[in-house]
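Chemist: I'd like to ask you about the structure that follows.
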Amino acid sequence: MSQISPQLQATLDAAREGSQIESSQIQMVGTGGQQQHAWASYPNASVALKGLNESPLDSSVGPRGALLVALEDPGSDSDLARLRNQLWPEFHAVAIFDGKPEGIRRRTFGSRELLKGKPGSCQVLVLRRLQEVMSPETTTAKFDQNAKGWDGVPGSPGYPHFRWMRRFVALYGRPEKASRILDFGSGAGWVGIEAAKQFPGSSLFLFDPSPEMVRIAEGNAKVEGVDLCEGRIGFGDAPPFPRSGESRYDWVISSGVISFASDSEAWLDGLCKTVAPGGTLVIGDIQLESKGVQKRRRTHPLLPVRELNAKSAAWVRQGLEARGFEFVRGSAYQLTYPIPQIMHINETKLDGLLSRPLLWINQIGATLSRLTGGACKSVFDSWVMQLRAPAE
């Protein structure tokens with residue numbers, strides 16, 4: 001590596017080792033050739049913004065490699081968020097290594113860890129190629145790992161809100177009748193389960209990339225009395241339902257899934273193929289216009305990849321209408337900043353004292369949005385819409 005300060009060298013070494021990168025697999029950006037991984041150092045974040053814009057990153061970092069951006073003078077979280085935003089969508093920030101007097105601290109989304117080693121005063125931002133972060137293998141492993149936590153915890157302060165959100169989406173576009181219901185990217189299955197409970201005797205079909213999530217979803221369906229339930233493993237761009245010879249579905253629901261898609265156009269193609277002629281489609285995801293989402297993008301350097309990869313409701317609607325679907329209605333739900341922050345305090349410090357009032361506030365907000373056709377997008381974190389499939 002080039003001549004850099006001992007403090008920055010120590011932080012860079014910690015970042016490399018913490019990212020499981022061998023010293024033989026990494027080179028400085030712009031030194032010629034291509035290793036799997038690359039690094040670059042700058043005096044501060046402002047210089048890095050300009051330097052990275054002029055650097056040959058595509059020829060320096062492999063298709064599934066990492067980029068380590070080292071700063072002699074540590075930047076604020078807002079500085080690092082600007083760096084991340086500039087490098088998106090080619091790269092996604094996955095970790096920050098901060099040199100501290102007591103050692104080097106590693107930050108990832110949702111966790112912090114003090115590493116043993118030399119103290120420092122520098123900083124390294126670790127980014128991965130997006131195609132690696134959103135690869136099928138990475139997605140499946142992440143979903144399997146988080147499956148239990150994504151199922152909700154009955155009796156916890158946040159559980160009533162957890163179930164209400166899924167029930168709201170499930171009932172948003174309730175058709176007059178449905179015998180075959182598909183939960184397109186089911187997670188723990190609660191959206192599809194709430195839908196199936198509206199039509200006793202109906203068949204629920206669901207799929208997810210995670211075998212563990214499918215197992216949990218099928219178990220939840222059984223406990224909730226949805227006896228006719230079949231789960232399969234798969235991704236939205238090549239959905240496992242329906243197979244050759246199987247009928248399509250009267251009611252298809254996909255909640256919070258398209259933002260996980262590495263190819264949104266292919267994902268929409270897969271979604272449309274599952275809906276029966278004249279059938280009902282309900283789809284929802286992250287509201288890009290939300291002031292909370294916009295604030296996080298400006299100030300949080302480490303975010304879930306889906307929050308950066310999300311598509312607007314207008315973009316999804318345009319894509320579905322281009323495929324022959326008819327828009328029926330759309331609105332928003334889940335109030336944005338500061339409601340989620342208050343909910344977090346309620347769950348972690350107030351033992352659920354405000355759970356019911358906060359739920360009522362969200363329910364009132366969602367009702368008002370529904371009545372106004374989705375007005376005031378900036379005050380909601382999620383959108384939902386109902387469409388009708390073309391008749392054949």
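The values are calculated or read from the model by the stated rules, or taken from the named source; none is laboratory data. Owing to the predicted nature of the structure, the values given are computational and were not obtained by experimental measurement. Note that each Cβ is placed from the backbone with ideal geometry, even for glycine, and that neighbours are counted across all protein chains shown.
Chemist: Hey, which of the helices (runs of 4 or more DSSP H) in the stretch 93-183, taking only ones fully inside, have at least 2 residues that are more than 17 Å from the chain's Cα centre (by Cα)? Break it down into steps so the answer makes sense when it comes.
Modeler: Working: elements: 130-133, 136-146, 159-172.
Fully inside the stretch 93-183 and qualifying: 159-172.
Chemist: Kindly indicate whether Ile21 is under 22 Å from Lys116 (Cα atoms) and in contact with a His (Cβ under 7 Å, 6 or more places away or on another chain).
Modeler: On the way: under 22 Å from Lys116 (Cα atoms): yes; in contact with a His (Cβ under 7 Å, 6 or more places away or on another chain): yes.
Yes, satisfied.
Chemist: So, one more: Could you grab me the full set of residues in the stretch 219-234 that are surrounded by 18 or more Cβ atoms within 10 Å (Cβ to Cβ) and either out of contact with any strand residue (DSSP E or B) (no Cβ under 8 Å at 6 or more places or on another chain) or among the acidic types (Asp, Glu) (or both)?
Modeler: Of everything in the stretch 219-234, just one residue is surrounded by 18 or more Cβ atoms within 10 Å (Cβ to Cβ) and either out of contact with any strand residue (DSSP E or B) (no Cβ under 8 Å at 6 or more places or on another chain) or among the acidic types (Asp, Glu) (or both), namely Asn220.
Chemist: For the stretch 221-260: of the residues being out of contact with any Ser or Thr (no Cβ under 9 Å at 6 or more places or on another chain) and among the charged types (D, E, K, R), which is nearest to Pro200 (Cα to Cα)?
Modeler: Here the answer is Asp227.
Chemist: Looking at (1) part of a helix (DSSP H, G or I); (2) within 26 Å of Glu90 (Cα to Cα), which one does His344 not meet, given that it meets all the others?
Modeler: Just one mismatch for His344, condition (2).
Chemist: Could you please tell me which pairs satisfy a Cβ distance under 8 Å, a separation of 6+ or placement on different chains, a first residue in the stretch 65-77 that is within 11 Å of Ser46 (Cβ to Cβ) and touching a residue at least 24 places away in the same chain (Cβ under 8 Å), and a second residue that is β-branched (Val, Ile, Thr) and surrounded by 24 or more Cβ atoms within 10 Å (Cβ to Cβ)?
Modeler: Matching pairs, first to second residue: Leu71/Val124.
Chemist: Inspect all residues belonging to the stretch 12-30 and state whether any of them is on the phi > 0 side of the Ramachandran plot, of a type outside the set (A, V, I, L, M, F, W, C), outside any strand (DSSP E or B) and at pLDDT below 90.
Modeler: Yes, because at least one residue in the stretch 12-30 is on the phi > 0 side of the Ramachandran plot, of a type outside the set (A, V, I, L, M, F, W, C), outside any strand (DSSP E or B) and at pLDDT below 90.
Chemist: Test Ser41 against the criterion of being without any contact (Cβ under 8 Å) to a residue 40 or more places away in the chain, hydroxyl-bearing (Ser, Thr, Tyr) and either outside any strand (DSSP E or B) or more than 19 Å from Pro74 (Cβ to Cβ) (or both), and give yes or no.
Modeler: no
Chemist: Within the stretch 70-85, is even one residue modelled with pLDDT under 90 and outside any helix (DSSP H, G or I)?
Modeler: Taking every residue of the stretch 70-85 in turn, none turns out to be modelled with pLDDT under 90 and outside any helix (DSSP H, G or I).
Chemist: Also: In the stretch 322-351, what residues are in contact (Cβ under 8 Å) with a residue 12 or more places away in the chain and charged (D, E, K, R)?
Modeler: Arg323, Glu326, Arg329, Glu347, Asp351
Chemist: Looking only at the stretch 207-222, how many residues end up being under 17 Å from Leu171 (Cα atoms) and not in a helix (DSSP H, G or I)?
Modeler: Of all residues in the stretch 207-222, those under 17 Å from Leu171 (Cα atoms) come to 221.
Next, only the ones that are not in a helix (DSSP H, G or I) stay: none.
Here the count works out to 0.
A quick yes/no check of all residues on (1) surrounded by fewer than 17 Cβ atoms within 10 Å (Cβ to Cβ); (2) touching a Gly at 6+ places or on another chain (Cβ under 8 Å); (3) not in a helix (DSSP H, G or I):
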{"position": "Gly236", "(1), (2), (3)": "no, yes, yes"}
{"position": "Asp250", "(1), (2), (3)": "no, yes, yes"}
{"position": "Ser259", "(1), (2), (3)": "no, no, no"}
{"position": "Asp269", "(1), (2), (3)": "yes, no, no"}
{"position": "Thr280", "(1), (2), (3)": "no, yes, yes"}
{"position": "Val293", "(1), (2), (3)": "no, no, no"}
{"position": "Leu302", "(1), (2), (3)": "no, no, yes"}
{"position": "Ala314", "(1), (2), (3)": "yes, no, no"}
{"position": "Gly330", "(1), (2), (3)": "no, yes, yes"}
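Chemist: Is it true that Pro74 is surrounded by 17 or more Cβ atoms within 10 Å (Cβ to Cβ) and closer than 17 Å to Ser121 by Cα?
Modeler: yes
Chemist: Considering each residue of the stretch 31-89, count those that are of a type in the set (S, T, N, Q) and either out of contact with any strand residue (DSSP E or B) (no Cβ under 9 Å at 6 or more places or on another chain) or farther than 23 Å from Gln20 by Cβ (or both), and give that number.
Modeler: The qualifying residues number 9.
Chemist: Exactly one condition in (1) outside the structural domain of Ser259 (by TED's automatic domain parsing); (2) hydrophobic (A, V, I, L, M, F, W, C); (3) at pLDDT 95 or above is false for Val169; which is it?
Modeler: Here Val169 clears every test but (1).
Chemist: While we're here: For the structure I just gave you, tell me whether Leu204 is over 22 Å from the mean Cα position of the chain (by Cα), farther than 24 Å from Leu320 by Cβ and among the aliphatic types (A, V, I, L, M).
Modeler: Here the answer is no, as Leu204 does not meet what is asked.
Chemist: Condition first: buried (at least 18 other Cβ atoms within 10 Å of the Cβ) and touching a Pro at 6+ places or on another chain (Cβ under 8 Å). Can you find one or more residues in the stretch 167-184 that meet it?
Modeler: yes
Chemist: Can you tell which of Gly270, Gly319, Gly279 is at negative phi, small (Gly, Ala, Ser) and touching a strand residue (DSSP E or B) at 6+ places or on another chain (Cβ under 6 Å)?
Modeler: Going through Gly270, Gly319, Gly279 in turn, just one is at negative phi, small (Gly, Ala, Ser) and touching a strand residue (DSSP E or B) at 6+ places or on another chain (Cβ under 6 Å): Gly279.
Chemist: Can you pull out every residue in the stretch 316-328 that is among the aromatic types (Phe, Trp, Tyr) and buried (at least 16 other Cβ atoms within 10 Å of the Cβ)?
Modeler: Phe325
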